[in-house]
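Have a look at the structure below before the remarks.
The values are calculated or read from the model by the stated rules, or taken from the named source; none is laboratory data. Everything quoted here is computed from the prediction, not taken from an experiment. Neighbour counts run over all protein chains shown; Cβ positions are idealised from the backbone, glycine included. Note: areas computed on protein heavy atoms with side chains; ligands, DNA, RNA excluded. Shrake-Rupley method; radii C 1.70, N 1.55, O 1.52, S 1.80 Å.
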Amino acid sequence: MSQKSPWLWIPTTYIAEGLPYFAVNTLTVLMYHNMGIGLSEMAFFTGWLYLPWVIKPFWSPFVDLFKTKRLWTIAMQFLMAFSLAAIGLLLPTSFFFTSTLIFFWLTAFFSATHDIAADGYYMIELPAHEQAAFVGVRSTFYRIASVIGQGGLVMLAGVLELNCDSVASAWSRIFLLLGVFFFLIALYHTRFMPKAEADRPMDGVTPSTILRDFAKTFVTFFQKPHIISALLFMLLYRLPEAMCLKLVQPFLVSPRESGGLALTTAQVGFVNGTVGVIALLAGGILGGIAISRGGLKKWLWPMALALTLPCIFYCGLAMWQPENFYLICAAIFTEQFGYGFGFTAFMLYLIYFSRGESKTSHYAFCTAFMALGMMLPGMAAGWIHDTLAQHHIFGADGPQGYVNFFWWVMLCCAATFAVCLCVKIDPGFGKKNKND
């Protein structure tokens with residue numbers, strides 16, 4: 001086995017794991033909005049891009065059948081380089097919306113497959129003690145990918161929008177740059193990702209055995225106690241955030257006469273990539289500390305409130321449309337901090353519900369339902385905005401779309417509270433024991 005340092009490939013691998021996710025699910029929203037696509041069409045069609053992550057558990061076992069995890073990882077990086085570059089070339093065309101959506105979906109599929117292979121390779125290549133030692137490194141560089149994808153690239157796109165002849169030309173350069181980056185990453189990994197002796201197709205595994213084992217784990221997942229309340233929790237706990245996700249960025253950049261805050265693309269990149277990420281990380285860290293001291297059951301309701309109630313800040317921003325950029329940053333920081341704090345309970349519940357036999361496969365099903373819970377509300381968000389915009393609920397004058405929509409998001413918080421009432425959790429789960 002080659003003895004290359006994990007530092008040579010873990011940082012680049014997990015940046016490559018994070019960037020496509022944010023490119024597909026974040027950059028598309030702002031880009032299509034800036035290029036004139038309506039909110040209903042943008043939200044509905046970009047919502048479909050979640051699908052590969054929803055159905056990922058259905059094909060992940062087949063990655064074990066052919067070749068090696070290393071080969072799968074590098075192959076997906078080359079394919080993502082091709083699809084991202086194709087998006088860059090197609091954006092300036094008259095048929096950009098349909099054609100780029102196809103390549104975004106392919107990028108999502110390649111990215112979901114890359115996640116499967118890269119995480120599998122990580123567990124094969126590293127012994128248990130190094131897996132534990134580098135888990136923080138994985139997370140850190142995934143977050144760096146978040147800063148690059150939601151912050152740096154958006155800020156660069158904002159600069160290019162001011163200096164290129166069209167918005168399409170600016171975003172074309174962004175995706176061509178991403179294509180070149182992934183091509184270089186793939187080339188780099190052909191040299192610096194070790195060839196692990198254990199990284200080979202699993203012995204005795206055939207398509208029929210995979211299907212049989214998958215059917216067994218699928219059935220046992222739906223036979224777990226309290227499955228109905230658990231599924232409702234997975235699908236609805238994050239409903240307010242799922243509603244917001246597709247429309248917050250258009251709200252930030254829309255002109256004031258349309259009900260938005262008229263921020264520049266570069267300002268949105270700064271808010272998302274620095275202020276938002278810092279708040280999200282801080283909330284997540286504090287949430288982990290809180291649960292370790294009191295347990296998941298004790299902190300579920302405070303975290304549910306932290307996840308939902310800060311959405312009121314978007315209602316205020318929509319109603320008063322402040323011009324002070326620092327005030328807008330403070331509101332988004334508070335909302336993202338609350339989301340990070342509240343999201344901790346959700347992720348720990350997935351671990352809790354997955355316990356027992358086949359916990360790895362069951363956790364994959366949980367994350368699939370998590371993705372579905374984000375996908376379906378996001379697809380409907382634009383239509384809900386456009387429908388509510390026709391009703392002057394909060395006064396006769398001025399644009400009502402975003403105001404009414406964010407109050408609708410506040411109503412969706414009731415779903416979060418309802419599933420918290422129904423879900424069953426052992427009182428001691430998550431709490432640090434005195435002997436630990």
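In the range 324-348, how many residues are in contact (Cβ under 8 Å) with a residue 60 or more places away in the chain and more than 18 Å from the chain's Cα centre (by Cα)?
2
Just checking, how many residues over the range 1-30 are closer than 28 Å to residue 42 by Cα and in a loop (DSSP other than H, G, I, E, B)?
The total comes to 0.
Regarding residue 174, is this residue over 24 Å from the mean Cα position of the chain (by Cα) and of a type in the set (A, V, I, L, M)?
no
Does residue 37 fit the bill of being crowded, with 17+ Cβ neighbours inside 10 Å and in a loop (DSSP other than H, G, I, E, B)?
Judged against the criteria, residue 37 is a match.
Scan the range 376-389 and tell me whether some residue there is in contact with a Lys or Arg (Cβ under 6 Å, 6 or more places away or on another chain), of a type outside the set (S, T, N, Q), at pLDDT 90 or above and in a helix (DSSP H, G or I).
Yes: the range 376-389 contains one or more residues that are in contact with a Lys or Arg (Cβ under 6 Å, 6 or more places away or on another chain), of a type outside the set (S, T, N, Q), at pLDDT 90 or above and in a helix (DSSP H, G or I).
Give the range 250-284 a look and list any residue that's of a type in the set (A, V, I, L, M), in contact with a Gly (Cβ under 8 Å, 6 or more places away or on another chain) and within 25 Å of residue 239 (Cβ to Cβ), or say none.
Matches in the range 250-284: 252, 253, 268, 277, 279, 280, 281, 282.
Quick check on my filter: what residues within the range 349-365 are of a type in the set (Gly, Ala, Ser) and in contact (Cβ under 8 Å) with a residue 24 or more places away in the chain?
Scanning the range 349-365 gives 356, 358, 361, 364.
Please work out if residue 347 is under 24 Å from residue 18 (Cβ atoms), in a helix (DSSP H, G or I) and open to solvent by 30 Å² or more (accessible area, probe 1.4 Å).
Criteria met by residue 347.
Among the residues of the range 64-105, count how many are of a type outside the set (Phe, Trp, Tyr), at negative phi and surrounded by fewer than 19 Cβ atoms within 10 Å (Cβ to Cβ).
Residues meeting the conditions: 12.
Taking the condition of being surrounded by fewer than 17 Cβ atoms within 10 Å (Cβ to Cβ) and either in contact (Cβ under 8 Å) with a residue 24 or more places away in the chain or of a type in the set (Phe, Trp, Tyr) (or both), how many residues in the range 178-187 meet it?
Result for the range 178-187: 1.
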